[in-house]
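Since the structure comes first, as structure tokens, the remarks are kept for the end.
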């Protein structure tokens, strides 16, 4: 799908920590409310978990329907599907979340 950015919006932040270990890219983010990762898509699925605070994940399907998921600190990790536009937004200040991607 083209131009999915128009459907999902959030204030972008850079990772606080970013490294590759055993073929996996690990990124840790410190976000205040409203900050996170704007709409984007990956060719591979990836995992995400919240260390502190809470986040909202919005996933856009092929018909432009948005599914919203809420996650708090130490909930089970979330697997975000490949080839699905999504965004991650902090629901409160000082939220820390970590993403893990296959680097290959």
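Over all directions, what mean area does the Cα convex hull of the chain project, stated in square nanometres?
The Cα convex hull of the chain, projected and averaged over all directions, gives 6.1 nm².
Starting from the Cα of residue 83, step 7 Å along the direction of its Cβ; do the same at residue 33; then give the gap between the two resulting points in nm.
3.8 nm
Test of understanding: ordering 87, 14, 79 by Cβ neighbours within 10 Å, fewest first, what list do you get?
The fewest-first ordering by Cβ neighbours comes to 14, 79, 87.
Hey, rough spin-label estimate for residue 93 and residue 45, points 7 angstrom out along Cα→Cβ, what's it come to in nanometres?
3.7 nm
Could you list the residues of the stretch 42-57 with an amide nitrogen less than 20 Å from a label point located 7 Å from the Cα of residue 68 in the Cα-to-C-beta direction?
It comes to 50, 53-57, nothing else.
Throughout, read-outs are computed from the coordinates displayed, never taken from laboratory work. Predicted model only: the values in this text are computed from it and were never measured. Glycine also receives a Cβ, built like all others from the backbone with ideal geometry; neighbour counts cover every protein chain displayed.
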